[in-house]
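Following: one structure in structure tokens, then a few remarks.
FYI, it's all coordinate maths here, none of it is from the lab. Since this is a predicted model, take the numbers as computed values, not measurements. Note that each Cβ is placed from the backbone with ideal geometry, even for glycine, and that neighbours are counted across all protein chains shown.
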Amino acid sequence: MQHRIIFSDIDGTLLNSERELSESTIFEIKRIKDKIPVVLVSSRMPSAMTHLQEELDIKKQPLICYNGGLILVNQEPIHSTFISPDIIKELNQFNKDQKFHISLYHNDDWYVPQIDFWANREAQNTKVNPTVKSTDKVIKLWKKNNIGAHKIMCMGEENYIDQAYTFLQDHFKEVLHLYRSKPTYIEIAHKNISKSTAIDILLTNHFKISMQDAIAFGDNYNDIEMLKAVGTGVAVANAKPETLQAADIITLSGKENGVAEYLKTNIK
């Protein structure tokens, strides 16, 4: 099958054990980038992805951020789906005792109520620093500007995150997609979006390339739909069992530069 475009998840897939791009990954992507577009697809915010684009010399390519909630072409949004501030208000009221951390994201804005353990850890992982603003003030600002959250992150002790998950599932299961990336995390997005819907938008409206001619790399639950949708879905060996099952091909793990190894072997 022809590979005319490449989509890759970042965390757990493209990055090594130091959460960085290895020399071999940089080399292989730079080797093919002028004949095959390489597009990053992640739950991350744009500024947590652009430094990786710079390292790979693919800054001119689009970005799929927030698991498909925001698509950028030439650094400008061409598609945006966000969560209403009214939902954020209800979540904040449920968390009135601040038992868990709530991060709010819109485009390149990341708001936290305070710099705590969870904010520091995310900042270290993504190389982006948040803005301190109370959740109530963010809700007020976003209501005024008629926007909302491209992503909400709830982080905290597992028992509190369990309670938050139950609350959100009971009240907003028709509107929100809840993703437990770790027992201490919930990544919250609008239910209408996914990585595969964003890929379809880009292929149809920007690249004019068939889904069957696309290849995608992933490792986690939020990559399953993407791997099934494209012509060739490749899971790294460290992927979740369900993701491995959904893939057409399994390459080496992210720590073993699985994406680079696939490109080296299969794209000349």
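In order along region 167-181, phi translates into HN-Hα couplings of 4, 5, 5, 5, 9, 9, 5, 7, 10, 10, 9, 10, 10, 8, 5 Hz, rounded to whole numbers, per the Karplus curve 6.51 cos²θ - 1.76 cosθ + 1.60 with θ = phi - 60° and x for Gly and Pro. To the nearest ten degrees, helix 85-94 and the longest principal axis of the Cα atoms of the chain are 60 degrees apart. Distance from the C-alpha centroid of region 78-102 to that of region 136-202: 7 Å, rounded to the whole angstrom. In this structure, the residue pairs whose Cα-Cα separation is over 19 Å, taken from LYS195/LYS255; LYS35/LYS59; LYS89/LYS133; LYS182/LYS240; LYS30/LYS264, are LYS195/LYS255. Look at (1) 0.99; (2) 0.93; (3) 0.96: the one that is Rg/Rh (Cα atoms, Kirkwood Rh) derived from this structure is (3).
Just from its helices, what would the mean residue ellipticity at 222 nm be for the chain, if runs of 4 or more DSSP H residues each count -39500 (n - 2.57) and the sum is divided by every residue, rounded to the nearest 500 deg cm²/dmol?
Numbers: 10 runs with 92 residues, N = 268.
For the chain, the value works out to -10000 deg cm²/dmol.
Along the charge dipole of the chain, Cβ charges K/R +1 and D/E -1, which of PRO241, TYR179, SER196 sits furthest on the positive end? The Cα lying farthest towards the positive end belongs to SER196.
Over all other residues within a Cβ to Cβ distance under 13 Å of ILE193, the charged ones net out to 0, with Lys and Arg as +1 and Asp and Glu as -1. Our note on the geometry: Cα centres of region 2-40 and region 52-70, 11 Å apart. The alpha carbon centroids of region 106-127 and region 224-241 are separated by 28 Å.
Treating only the Cβ atoms of Lys and Arg (+1) and Asp and Glu (-1) as charged, compute the dipole magnitude of the chain about its Cα centre; round to the nearest 20 debye.
So the dipole magnitude of the chain works out to roughly 580 debye.
Within the shell of other residues whose beta carbon sits under 9 angstrom from the beta carbon of THR243, the net charge comes to -2, with Lys and Arg scored +1 and Asp and Glu -1.
Which peptide among 31-43, 186-198 comes first, and what is the full order, when sorted by highest mean count of other Cβ atoms within 10 Å?
Values: 31-43: 18.9, 186-198: 21.5.
The packing order, highest mean first, is 186-198, 31-43.
Sequence-ordered 3J(HN,Hα) estimates for region 7-18 from the Karplus curve with 6.51, -1.76 and 1.60 and θ = phi - 60° stand at 10, 9, 5, 10, 5, x, 10, 8, 8, 8, 5, 8 Hz, glycine and proline given as x. Amide H to amide H, with H built 1.01 Å from N, PHE7 comes under 5 Å of VAL39, ILE215, ALA216, PHE217, counting only residues 5 or more places away or on other chains. Across region 27-35, rounded Karplus estimates of 3J(HN,Hα) from the backbone phi angles (6.51 cos²θ - 1.76 cosθ + 1.60, θ = phi - 60°) give 4, 5, 6, 5, 5, 9, 4, 7, 10 Hz, Gly and Pro being marked x.
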